[in-house]
Structure formats: C-alpha cells, structure tokens
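**Student:** Mind looking over this structure? Questions follow.
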Amino acid sequence: MVAVIKIGTVPTQADFHEAISARSDRWYSACLKITRNPDMAADAVQDALLSAWNKRHQFEQTARLDTWIHRIAINAALNQIRKNRPGMFEALESDIESDLATPHRALEEHELESDLARSLARLTEFERVCFVLKHLEQWRSTEISAELRVNEGRVKQAVFRAVKKLRVSMQDLQREHYEG
C-alpha cells in the first residue's frame, strides 16, 4: 500500500518510509536499466530520495508520492550518465516485474528477461535509452526529447528502430530456444 497524502499537505517522514518500502526496488531497477551499473543506479536512487525529501514541500498531490520519486530517480539516473560519461549512453539491462506464481512461470519469465536483456544489448545506446523511457517507463516522446536535449523526431526514430530491431532479435532468440 502506498501513502495517500491529503491535498495541501507536505509528505511526512512516514509517507516517505512507506513509499520506500513499497517501491525502492522498482526505482532501483528502473535506474539500473538506464545506467547499467549497480553503483550508479544505487547512487541515482539515493540522490532521488535526498532530492525528493529536500523538495517535499514542492510535491503536488495530483500524483502519487512513489510516482513522483520514481520520476526523480529516472532523472537522477540520466544525470549520473551525463556526469560520468558525458555525451554517451550506456547499454541497458532488462527488468520485468512478475508475480512468479509458479516455478514454471518463474523460469519462463527469467528466460524472457534474459532474452530481452540480450536483445536490448544489440541496440545502440541512444535507442536503448529511448526505448526504455518510452515503453518501460511510459514517458511521452516530448518528455524524452526534452530530457535528452534532442528533437522529438530523433526520439521517435530511435524508438521505431529499437522496436523493429527488438522484434527481429526476439524472434531469432525464440527460434534458438526451440531449436536448441
């Protein structure tokens, strides 16, 4: 359960603890997809939490606290990349949430996650970042272009190319599974 905050109130320490216990793994996974470095991802989440806490009085109750922090974490991960590798985007890992209801389902999801990770690794760095932000993080193209400081057409082209490459790559990997 995620904290519901009354309109006009500042999130409390308890609200933050509740959001952290419910969603910190998800924030870390999202940052890891972008940075592809566990230390950078952890730093991004930590930076995001500190930033969110320091700016908690700016929180608008039109969003959920965990969603607000998630967005800050994504921005912190992008800033980590800019700081540590100016002008370069690092390849991304995949992360697929699941309920893992059965051992068979867990194995299938693990295989799919591995296949997606290999397929994502075949994309260019820019395509990976755009794909993850668009399809896994649900950002709009305009938001991605503003954050990455490129025109929206370039983002749309990168997402289009990424989807096309992923379809081919995932089909190839699926054939390998059935033939192997």
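The values are calculated or read from the model by the stated rules, or taken from the named source; none is laboratory data. Just so it is clear, the model here is predicted, and its values are computed rather than measured. Please note: Cβ atoms are built from the backbone with ideal geometry, for glycine as well, and neighbour counts cover all protein chains shown.
**Student:** What single numbered condition from (1) part of a loop (DSSP other than H, G, I, E, B); (2) among the charged types (D, E, K, R); (3) surrounded by 16 or more Cβ atoms within 10 Å (Cβ to Cβ) fails to hold for GLU60?
**Tutor:** That leaves (3) as the condition not met.
**Student:** Any chance region 133-146 includes a residue that's outside the structural domain of ASN37 (by TED's automatic domain parsing) and touching a Phe, Trp or Tyr at 6+ places or on another chain (Cβ under 6 Å)?
**Tutor:** For region 133-146, residues outside the structural domain of ASN37 (by TED's automatic domain parsing) and touching a Phe, Trp or Tyr at 6+ places or on another chain (Cβ under 6 Å): present.
**Student:** Does ALA44 qualify as being within 11 Å of the chain's Cα centre (by Cα), under 14 Å from GLU137 (Cβ atoms), among the aliphatic types (A, V, I, L, M) and outside the structural domain of ALA121 (by TED's automatic domain parsing)?
**Tutor:** On the way: within 11 Å of the chain's Cα centre (by Cα): no; under 14 Å from GLU137 (Cβ atoms): yes; among the aliphatic types (A, V, I, L, M): yes; outside the structural domain of ALA121 (by TED's automatic domain parsing): yes.
For ALA44, the condition - within 11 Å of the chain's Cα centre (by Cα), under 14 Å from GLU137 (Cβ atoms), among the aliphatic types (A, V, I, L, M) and outside the structural domain of ALA121 (by TED's automatic domain parsing) - is not met.
**Student:** Then there's this: Please go through region 16-30 and pick out each residue that is of a type in the set (Phe, Trp, Tyr) and either under 17 Å from the mean Cα position of the chain (by Cα) or not in a helix (DSSP H, G or I) (or both). Before the answer, list the steps.
**Tutor:** Of all residues in region 16-30, those of a type in the set (Phe, Trp, Tyr) come to 16, 27-28.
Residues satisfying the conditions are TRP27, TYR28.
**Student:** A further question on this structure: Going by what's in this entry, would SER51 be described as surrounded by 13 or more Cβ atoms within 10 Å (Cβ to Cβ) and either outside the structural domain of ALA121 (by TED's automatic domain parsing) or more than 16 Å from LEU136 (Cα to Cα) (or both)?
**Tutor:** Details: surrounded by 13 or more Cβ atoms within 10 Å (Cβ to Cβ): yes; either outside the structural domain of ALA121 (by TED's automatic domain parsing) or more than 16 Å from LEU136 (Cα to Cα) (or both): yes.
Answer is yes for this residue.
**Student:** Answer with yes or no whether ALA76 is in contact with a Ser or Thr (Cβ under 8 Å, 6 or more places away or on another chain), assigned to a helix (DSSP H, G or I), aliphatic (A, V, I, L, M) and modelled with pLDDT of 70 or more.
**Tutor:** On the way: in contact with a Ser or Thr (Cβ under 8 Å, 6 or more places away or on another chain): yes; assigned to a helix (DSSP H, G or I): yes; aliphatic (A, V, I, L, M): yes; modelled with pLDDT of 70 or more: yes.
In short, yes.
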